[in-house]
Amino acid sequence: MKPVVMPKLGLTMTEGTIATWLKQEGDTVAVGEAIAEIETEKITYSLEAPVEGTLLKIVLPAGESAPVAETIAWIGRPGEEVPNEKEGPAASLPHPSEDEASDVQPVMASPAQPALATPFAKKIARDKGVELDRVTGTGPYGRIQADDVVEFLKRLESTSHVARITPAAAVVVEQHGLGAENLRTLDGERVRRADVEGYVEQVNDVRSRVIPHSSMRQAIAKRMTESWTAIPHVTLHRSVYAEGLFELRKKASEKTTKKISMTAVIACLVSRLLPKHPLLNAHYERDGTRVFDDVHLGLAVAVSNGLVVPVIRHANSKSIPELAEEIADVSERARTGSLNPDELEGGTFTISNLGMFGVDGFTPIIVPPQTGILGIGRSVQSMTSSDGTAQNISMTLSLSFDHRAMDGVYGARFLDSLARCIEDPMQLLF
Amino acid sequence: MREVTFAEATLEAMREEMARDSRVFIMGEDIASQGGIFGQFKGLADQFGLERVRDTPISETAIVGAGIGAALGGLIPVIDMHFADFLGVAMDEVLNQMSKIRYMFGGQANLPLVLRAPDGVTRSGAAQHSQSLEAIFMHIPGTKIVAPSNAEDAKGLLKAAIRDPNPVIYFEHKDLFRRKGQVPDGEHITPIGKARVTREGDSLTVVSYSRMFTEVEAACQQLGDEVEGKVELIDLRTIVPMDVETILASVRKTHRLLIVHEAVKRGGVGAEISAVVAEKAVEYLDAPIVRIGAKPYPIPFSPPLEREIVPQVDEIISAIRGLLNARI
């Protein structure tokens, strides 16, 4: 008999959610057969059976989350005894102790790498039986501080408060698709049916409803907040004449039967230019700015319920048709949720194109720890002479950069080089 | 309460103790003839005579050695080093005699010696006249060390040192001598070994002493509401024996610690305090301990370079802000 554990999909994954179980208890499974869909903060992933046998027990029901490496199911021969209950996180912790530090038993380490936390945060966590891996640190370098643990405990309390709910009330909650957070406002010893109905009525009165955050939405919210609060953003806008770009796309299209996207052409120019502006092809780190020889280009791709940023590796050594093909491939797979988690990591610069939605210019938010992101606006045809003969195509480029890593002139120079190359790609040769 | 300068406060302590106990006398360079280079002995010779206010030759070895002998012989000497830097000349007397004799002779004699050592940076004293050396002497068992930051404690600690049966090194910061402060009327003694919490707060403990304590106060003044109720300020007052309990109680409450001293940061009193807190209260820390001290270079004569080496208010402000806002 073998346990099936929550897989670690990518370096930053700490927990995953079961979207659905594709097999039920008692079903026979073959090695490699998909048994569940797992939703992480970034992607949806098909979990394959590690061994063949019978799915004896599902430990983690659909819709629930578990930390990486925790047992979520058991596969074995029919009739085999499944170990009793999963070990709850609190069960492995010693009882809170009022004694001096020396008397406290060390907490069993979790299988993932230990969380970065202050001693005081660790003490509170230990006293309250909280696993630090579940707490998000807001201190420098993501360090967990006492406040973070206290905050976590508060959230935990507010959700456990909701657990005190009558079964009849639970049905109404279910019917109206209310999230647990909504019920926080319902006070009292036990939430009863009438409370929930009253709440629903009140909510309907103002004609609003709450769309619960998906795990991707939560992940986006977290990363955006991190980026926006930690990085001093500066965004530079520049209008450029884009004839050269269209010309280039036309030429590239002649070399292949596949469609060449504008994004691929811009990705090509950007990735050729970035090595000459190394502070923008970089990660901002504690002790310095890590600059990269190669360009691993992140591309913001809208998917049905959010946004993912797949990374095109070594973009600087790929041709326009190669880039076009790869971009089309990852975009398609992003939409179907079949990206490999590692395809979402390691970007050194990011491009976000909203031109096709008619946006002129915008202020893109940097993907940490990167130092820059380029926003691409729409192309506009403008008459420049009264007889209407001369036409110009212009577009707006918006470069956001991390002002800790560089200054305005540095960003402006990159934007200037890019503008020249877009007007006349031959500039790349000079 | 009366407002007097730090120098006058020490002078009051001397007068009161010399009047109270005829065994108390003072010796050092230019004390009787000049009244001390910072005016801290002014008028003593007129009041008490040259027998009890003695000018000495320029030999720190002889001054400290004679002080030790006088103390063993039953007198209560207060001896002046002119500049703390010159303690180096009398190092054997301090290290092997003054600090050891009571122990080595089983406590048969008291050693009520007060070693006054004007220290710290002031007016471009340069490398040999600007040092803060308390950490060197803190390392030597057998001697108490005090370092007042204001007139009140300057008087109170000097009187306590004179009455203590053990040798006490009294570090008085040269830049503090002319500063005025409130001193209580009548008999006033500051107990040795007791720190003072001058400002209460719940988010950051700042420990400092001597002149740098006044800089920390200035930083808090500038920060105003930002630190109100958050910063707990401790004036250490005594380096040895250190009031560890007051520091630990505060850190257990605030969970953050900043230590500020003018002496070189490397191997300084701040290192000792950090180590004690790490040993006894590490699990209460919610941020790294931050120490501010001088950079490890000889103090330059040049005023701009001097400011570069010695901690300034700005550095203290940014450390306080960083710790309060979880950015350190």
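Kindly report, to the nearest 10 Å², the accessible surface of B:I68 as traced by a 1.4 Å probe over protein heavy atoms only.
10 Å²
Testing the spin-label approximation: label points 7 Å from Cα along Cα→Cβ at A:D329 and A:D27. State their distance in nm.
3.0 nm
Which trypsin sites (Lys or Arg not before Pro) does the range B:249-328 hold that lie in a coil by DSSP with at most 12 other beta carbons within 10 Å?
The qualifying sites are B:R327.
Take peptide A:142-153, look around each residue's Cβ out to 10 angstrom, count Cβ atoms belonging to other protein chains, and average those counts.
2
If you line up the long axis of helix B:269-281 against the longest principal axis of chain B, both from Cα atoms, how many degrees apart are they, to the nearest 10?
60 degrees
Only Cα pairs under 8 Å and at least 6 apart count here; give the relative contact order of chain B as a rounded whole percent.
Answer for chain B is 17 percent.
At 1.4 Å probe size, put A:K8, B:K295 in order of accessible surface, largest to smallest.
A:K8, B:K295
Between 0 and 90 degrees, rounded to the nearest ten: what's the tilt of helix B:6-20 against the longest Cα principal axis of chain B?
The angle comes out near 40 degrees.
For B:K155, which lysines qualify as cross-link partners when the Cα separation must be under 24 Å and same-chain residues fewer than eight apart are set aside?
B:K42, B:K144, B:K174, B:K180, B:K194
Could you order A:D148, A:D127 by accessible surface area, starting with the largest, using a probe radius of 1.4 Å?
A:D127, A:D148
Please report the accessible area of A:M356 (heavy atoms, 1.4 Å probe, ligands and nucleic acids excluded) in Å², nearest 10.
130 Å²
With solvent modelled as a 1.4 Å probe, how much accessible area in total do chains A and B shield from it at their shared surface, in Å² to the nearest 100?
1000 Å²
Quick one: which residues, 5 or more positions from A:I75 or on another chain, have an amide H under 5 Å from its amide H? H modelled 1.01 Å from N in the peptide plane, none for Pro or chain starts.
A:K2, A:V4, A:L56
Counting only other chains, what is the mean number of Cβ atoms within 10 angstrom of the Cβ of each residue in peptide A:122-132?
Across A:122-132, the average partner-chain Cβ count within 10 Å equals 1.
So, taking all protein chains as they sit and a 1.4 Å probe, how much accessible area belongs to A:D287, in Å² rounded to tens?
Using a 1.4 Å probe on the heavy atoms, I get roughly 150 Å².
Each residue of the range A:220-227 in order: what ³J(HN,Hα) in whole Hz does its phi give by Karplus 6.51 cos²θ - 1.76 cosθ + 1.60, θ = phi - 60°, with x for Gly and Pro?
With coefficients 6.51, -1.76 and 1.60, one gets 5, 4, 5, 5, 5, 5, 4, 5 Hz.
Return the carbon/sulfur percentage of the accessible area of the range A:231-429, one whole number, probe 1.4 Å, all protein chains in place.
52 percent
In straight Cα distance, which lysines are under 16 Å from A:K42, not counting same-chain residues fewer than 8 positions off?
Within the straight-line cut-off, A:K42 pairs with A:K8, A:K222.
Pairs of Cα atoms under 8 Å, at least six residues apart: use those to get the relative contact order of the range A:231-429, whole percent.
It comes to 31 percent, rounded to a whole number.
Once you compute Rg and the Kirkwood Rh from C-alpha atoms, what is the Rg to Rh ratio for the range B:103-196?
1.01
Could you check what % of the DSSP bridge pairs in the protein assembly as shown are antiparallel, to the nearest 5?
In the protein assembly as shown, DSSP labels about 60 percent of beta bridges as antiparallel.
In degrees from 0 to 90, rounded to the nearest 10, what is the angle of the helix B:151-163 Cα long axis to the longest principal axis of chain B?
50 degrees
Run the reach check for A:K259 against lysines, Cα to Cα strictly under 22 Å, same-chain hits fewer than 8 apart removed. What comes back?
Straight-distance partners of A:K259: A:K250, A:K251, A:K318.
If you keep only loop residues by DSSP, which trypsin sites (Lys or Arg not before Pro) in the range A:265-327 have at most 14 other Cβ atoms within 10 Å of their Cβ?
When the trypsin sites (Lys or Arg not before Pro) of the range A:265-327 are filtered for loop state and at most 14 Cβ neighbours within 10 Å, A:R286 remain.
At most 15 other Cβ atoms within 10 Å and a DSSP loop assignment: could you name the trypsin sites (Lys or Arg not before Pro) in the range A:239-268 that fit?
Sites meeting the loop and neighbour criteria: A:K255, A:K258, A:K259.
Per residue, what accessible area does the protein assembly as shown have, given a 1.4 Å probe and all protein chains present, in Å²?
Normalised by residue count, the accessible surface of the protein assembly as shown is 48 Å².
When only the heavy atoms of the protein chains count and the probe is 1.4 Å, how do A:L415, A:L56 rank by accessible area, highest first?
Descending accessible area places them as A:L56, A:L415.
The values are calculated or read from the model by the stated rules, or taken from the named source; none is laboratory data. What you are looking at is a predicted structure, and each value in this text was computed from that prediction instead of being measured. Quick reminder, even Gly has a Cβ in these numbers, built from the backbone with ideal geometry, and neighbours come from all protein chains shown. In case anyone asks, the SASA skips ligands and DNA or RNA and just uses the protein heavy atoms, side chains included. Shrake-Rupley method; radii C 1.70, N 1.55, O 1.52, S 1.80 Å.
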